[in-house]
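Down below is the structure, laid out as structure tokens.
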Amino acid sequence: MPEHRELVAEEVYRTCDAAELDFETTADVPPLQHIIGQARAVSAINLGLDIEARGYNLYLAGQSGTGRTTLIKTILAQLAKNKPVPCDICLVNNFYDPDQPRVLYLKPGLSRQLAKDMDQLVESLQREIPQTFEGKSYEAQQAEILNQYQQRTSALFSNLQKQAHQEGIQFQVTPAGVITRVIKNGQPISQEQFESLSEEEKDEIRKRIETFNHRVMEVMEQVRDAERQTRDQIKELERQTANIIVQSLVGYLRRKYADHSGIIEYLDQVQAYVLENIGEFQRKEETGAPVPEPALKALKLVEQRTRFVEYRVNVLVDNGTAEGAPVIIESNPTFTNLFGTVEREVHFGALVTNFTMVKAGSLLRANGGYLLIEAMDLLKYPLVWDTLKRSLETGQVRIEDPAVQYGLISATGLRTEPININVKVILIGHPLLHYLLFAYDEDFRKLFKVKADFDTQMKRTAENIRHYAQFIASYSQRQQLKPFDRSGVAALIEYGSRLADDQTKLSTEFGAIADIMIEANYWASQQKSEVVRREDVERAIEEKIYRSNRIEERLQEMIVRGFILVDTDGAVVGQVNGLSVLSLGDYEFGKPVRITCETFAGKSGVVNAESRAKLSGNIHNKSFMILNGYLGATFGRDKALQLAASMVFEQTYETIEGDSASIASVVALLSSLANVPVKQSLAVTGSINQKGEVQPIGGVNQKIEGFFAVCKMRGLTGQQGVIIPHQNVTNLMLKKDVVEAIRHGQFHIYPVTTVEEAAALLTGMEAGQRAANGSFPPGTLYALVEQRLKTLAEQEKTTSNGQEKAGEANNNEA
């Protein structure tokens, strides 16, 4: 049998030579000024941020820990400070329709100044208007108007009195009306006297009284006209008197904000409203009054807090102290946090609100800048995603109750004007979530046109190794960790390749690297070391594994004790050691699994027990279809294969998925057919195609380490090892104890390119190549397999003929 390639220790783990690093510790390394390993993502981010067209929002897709948030924060910090500061946004009262407050867009810092000026205006009006109305000039003019009213009404009643006297009638004005009586002989006629008169006299008296009453009504109407005119005159006097003050105070603001047409229009409404409600400013606060009852006291406090609220300015967004465009990170994107809310207060059992209780959300605060949100958090809360899409599509935000917005309830209350926004929204999430949104949400495609795809790996070049060292230096300074010496940096670089599962790559999941750095710093502190060394990093990695590998150790113990049947020496027909990977979320490990095959006469072909038991996934089922294809192509080119085989993954009680057991399954089948034992000291992993070519698989390090751990616990014999696809050699970054065992010839790794190579290693017998005459060389594995297949076919033919003859005999007897 030809020699098979065996990997040496240097091929299963790529070290980083600390001597090649040009520094003693990371204290000598300049901090990293940029994100490394994400050139593709950086290019996409720059494109999305530079294009101002609507819909060019960003989705940062990548695994957690790849630096998505750090990168976008760094880029935005540089970009935002060079952009113009966006305008302030404030709400003011709509004096024509108080339920729909107006929105003002002002220069940065102007809204806070306007709010202060309006408060000072109200204070000035409260102080100066009462003083003016208490002045002698106003009192004299008011007294003159009242005196004219009294003279006019006195003259009217005096003339009416004269007419009454001339006509012999007495009248009296009472709250109930005017009472009139006829005078006779200087005395009013009593009811008895009136009844004693003749009908002609009675009619004459009634006519006199009726005629006089008409005159009284005319006079009373003139009195009411005079009263109305007097009130109008006093009101006009108040208006003219107050107008001097209001014009003076408001005029100052008009001059101050002359360049802002929106403010000027608002001030015009303020002036008109003040003059129409001047009485509110004439009231004085009572001082020295006794403390009222609790309910009345509460009512008075509410009145004081809400008095003159219509003149206040509600500053929603104040950019007065901002430098550049805002960068808002919304960590809890609830509806109210994102879009704002209309707050309410309970006043004596009733919910009340006003425009000053409208609060802005993060979307509005990010106007003119950038808003960062975790995509998964955004989708957790009801109504948020649809509302965000609508806001981005329309370029407007409306602050209102979500139940009202979606028509779930009908309620009267505030409804602000839509507020114009120009925000670049950046979602951060998993790539799978991007695929789902892109596939099932058409709006997502229109609104998030730029995807920044973050890679989990980068090439392990000298330049990137230098960048890795700079990252370690930067993070150490930022987190106040001890400096790492060259050996510690080298260990972290090797760990980066282990995370990447590739000797030629480094992981860009810097969150995982940072965790090991923090823990290595802890172990260095425990050793009273001034720097973090290789042994500290390796201790941190080992402790991290130890915290998570309880299940792994328990399974290995069950294998060693014989509860789970896995052999590591000897040879058995139709039995192969396969390798699987179990994931516990934060930890993955390899687990050997026994694969057995029994063959016998029949036509059912290769039966996958897991598939029949519905314990296998689609990829695993497909691998058995490929196995049948390979078997037919190799041994059934000129004849129909007649066999029955049962393939079982022994003692597995969970769903099996993947095709990495393809080689093991094929060899188990070949061994059973040829009746050739398989070495139990070897385990095998690898996928195949129908031509028998070996294909790479995942988790190769964990699989090798899982079988090695079992062999080590039972005792290394020097014969044990693992067969892997040749393509996976570059993925090997094995643990130190495995590397040392390989170095000393106690454990072996064999890369293979075909099924035939793997079969030869496992059986110790050459597989054999089909000759020109169509047969396999005698004494080879495949020659024995073909002979067995012929025997099974003959047995099946004999059995079928016997059944046919028995059937004919039964028919003849019948």
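Please find, among Gln719, Gln680, the residue that is of a type in the set (S, T, N, Q) and open to solvent by less than 10 Å² (accessible area, probe 1.4 Å).
Answer to the selection: Gln680.
Check Ser660, Ser672, Ser646 and return the single one that is assigned to a helix (DSSP H, G or I), touching a residue at least 24 places away in the same chain (Cβ under 8 Å) and polar (S, T, N, Q). Walk me through it before giving the result.
Numbers: Ser660 fails: assigned to a helix (DSSP H, G or I); Ser646 fails: assigned to a helix (DSSP H, G or I).
One residue alone meets the criteria, Ser672.
Thr461 - would you say it is open to solvent by 20 Å² or more (accessible area, probe 1.4 Å), out of contact with any Asp or Glu (no Cβ under 8 Å at 6 or more places or on another chain) and modelled with pLDDT under 95?
Judged against the criteria, Thr461 is a match.
Residues of the stretch 325-344 being acidic (Asp, Glu) and either surrounded by 18 or more Cβ atoms within 10 Å (Cβ to Cβ) or closer than 18 Å to Trp385 by Cβ (or both), which ones?
Result: Glu330, single match.
Right, Glu10: within 30 Å of Glu766 (Cβ to Cβ) and assigned to a helix (DSSP H, G or I) or not?
Yes: the conditions hold for Glu10.
Take the residues in the stretch 28-51 that are open to solvent by 70 Å² or more (accessible area, probe 1.4 Å) and modelled with pLDDT of 90 or more; name whichever of them is farthest from the chain's Cα centre (by Cα).
Asp28
Any idea which of (1) over 25 Å from the mean Cα position of the chain (by Cα); (2) open to solvent by less than 60 Å² (accessible area, probe 1.4 Å); (3) small (Gly, Ala, Ser) is the one Gly67 doesn't satisfy?
(1)
Restricting attention to the stretch 150-161, which residues are open to solvent by 50 Å² or more (accessible area, probe 1.4 Å) and at pLDDT below 80?
Correct list: Phe157, Gln161.
So for the stretch 531-538 (the condition being open to solvent by 60 Å² or more (accessible area, probe 1.4 Å), among the basic types (Lys, Arg) and not in a helix (DSSP H, G or I)), does at least one residue qualify?
Yes - at least one qualifying residue is present in the stretch 531-538.
When the residues of the stretch 2-18 are narrowed to those that are loosely packed, with under 11 Cβ neighbours inside 10 Å and more than 23 Å from Lys735 (Cβ to Cβ), which ends up nearest to the chain's Cα centre (by Cα)?
The residue in question is Glu3.
Sort out which residues of the stretch 704-716 are open to solvent by 10 Å² or more (accessible area, probe 1.4 Å) and in contact (Cβ under 8 Å) with a residue 60 or more places away in the chain, and write them in order of number.
Within the stretch 704-716, Glu705, Ala709, Met713, Arg714 meet the criteria.
Out of Arg239, Arg312, Arg228, which single residue is open to solvent by 70 Å² or more (accessible area, probe 1.4 Å), at pLDDT below 85 and of a type outside the set (Phe, Trp, Tyr)?
Going through Arg239, Arg312, Arg228 in turn, just one is open to solvent by 70 Å² or more (accessible area, probe 1.4 Å), at pLDDT below 85 and of a type outside the set (Phe, Trp, Tyr): Arg239.
Just to be sure I understand the filter: pairs with C-beta atoms under 6 Å, separated by 6 or more residues or on different chains, first member in the stretch 607-625 and of a type in the set (Val, Ile, Thr) and outside any loop (DSSP other than H, G, I, E, B), second member open to solvent by 30 Å² or more (accessible area, probe 1.4 Å) and at pLDDT 85 or above. Which pairs pass?
Taking only residues 6 or more apart or on different chains, the pairs are Val607/Ser646; Ile619/Glu657; Ile619/Asp659.
Return yes when Lys83 is open to solvent by 50 Å² or more (accessible area, probe 1.4 Å) and modelled with pLDDT of 80 or more and no when it is not.
In short, yes.
Pairs only if they're at least six apart or on different chains, beta carbon under 7 angstrom, first in the stretch 541-567 and at negative phi, second aromatic (Phe, Trp, Tyr) and assigned to a helix (DSSP H, G or I); list them, first residue then second.
Ile541/Tyr495
Exactly one condition in (1) crowded, with 21+ Cβ neighbours inside 10 Å; (2) closer than 20 Å to Val667 by Cα; (3) of a type in the set (Phe, Trp, Tyr) is not met by Phe747; state its number.
That leaves (2) as the condition not met.
Please work out if Thr655 is over 49 Å from the mean Cα position of the chain (by Cα), hydroxyl-bearing (Ser, Thr, Tyr) and open to solvent by 10 Å² or more (accessible area, probe 1.4 Å).
no
Do we find a residue being assigned to a loop (DSSP other than H, G, I, E, B), touching a residue at least 40 places away in the same chain (Cβ under 8 Å) and on the phi > 0 side of the Ramachandran plot anywhere in the stretch 321-338?
Yes, the stretch 321-338 contains a residue that is assigned to a loop (DSSP other than H, G, I, E, B), touching a residue at least 40 places away in the same chain (Cβ under 8 Å) and on the phi > 0 side of the Ramachandran plot.
Just one of the numbered conditions (1) without any contact (Cβ under 8 Å) to a residue 40 or more places away in the chain; (2) part of a helix (DSSP H, G or I) is not true of Lys528; which one?
Tallying (1) without any contact (Cβ under 8 Å) to a residue 40 or more places away in the chain; (2) part of a helix (DSSP H, G or I), Lys528 fails exactly one: (2).
Please determine, by comparing only the residues of the stretch 566-586 that are surrounded by 13 or more Cβ atoms within 10 Å (Cβ to Cβ) and among the hydrophobic types (A, V, I, L, M, F, W, C), which one is nearest to the chain's Cα centre (by Cα). It would help to see each step written out before you state the result.
Our first condition is that a residue be surrounded by 13 or more Cβ atoms within 10 Å (Cβ to Cβ); within the stretch 566-586, this holds for 566-569, 571-582.
Narrowing further to those that are among the hydrophobic types (A, V, I, L, M, F, W, C): 566, 571-573, 576, 579, 581-582.
On the way: Val566: 46, Ala571: 56, Val572: 55, Val573: 55, Val576: 47, Leu579: 38, Val581: 31, Leu582: 30 Å.
Step by step, filter the stretch 566-586, then rank; the result is Leu582.
Would you please name the residue that is nearest to Glu786 (Cα to Cα), looking only at residues in the stretch 627-643 that are open to solvent by less than 40 Å² (accessible area, probe 1.4 Å) and part of a loop (DSSP other than H, G, I, E, B)?
In this case the residue turns out to be Gly636.
Got at least one residue in the stretch 481-500 being among the β-branched types (Val, Ile, Thr), open to solvent by 50 Å² or more (accessible area, probe 1.4 Å) and more than 33 Å from the chain's Cα centre (by Cα)?
no
Run Lys256 past the list (1) within 45 Å of the chain's Cα centre (by Cα); (2) modelled with pLDDT under 85 and report the number of the one that doesn't hold.
Of everything listed in (1) within 45 Å of the chain's Cα centre (by Cα); (2) modelled with pLDDT under 85, Lys256 misses just condition (2).
The values are calculated or read from the model by the stated rules, or taken from the named source; none is laboratory data. Computed from a prediction, not measured in an experiment: that's the story for all the values here. Cβ: placed from backbone, ideal geometry, glycine included. Neighbour counts: every protein chain shown. Ligands, DNA and RNA are stripped out before the accessible areas are found, and what is left, the full protein with its side chains, is counted by its heavy atoms. Shrake-Rupley method; radii C 1.70, N 1.55, O 1.52, S 1.80 Å.
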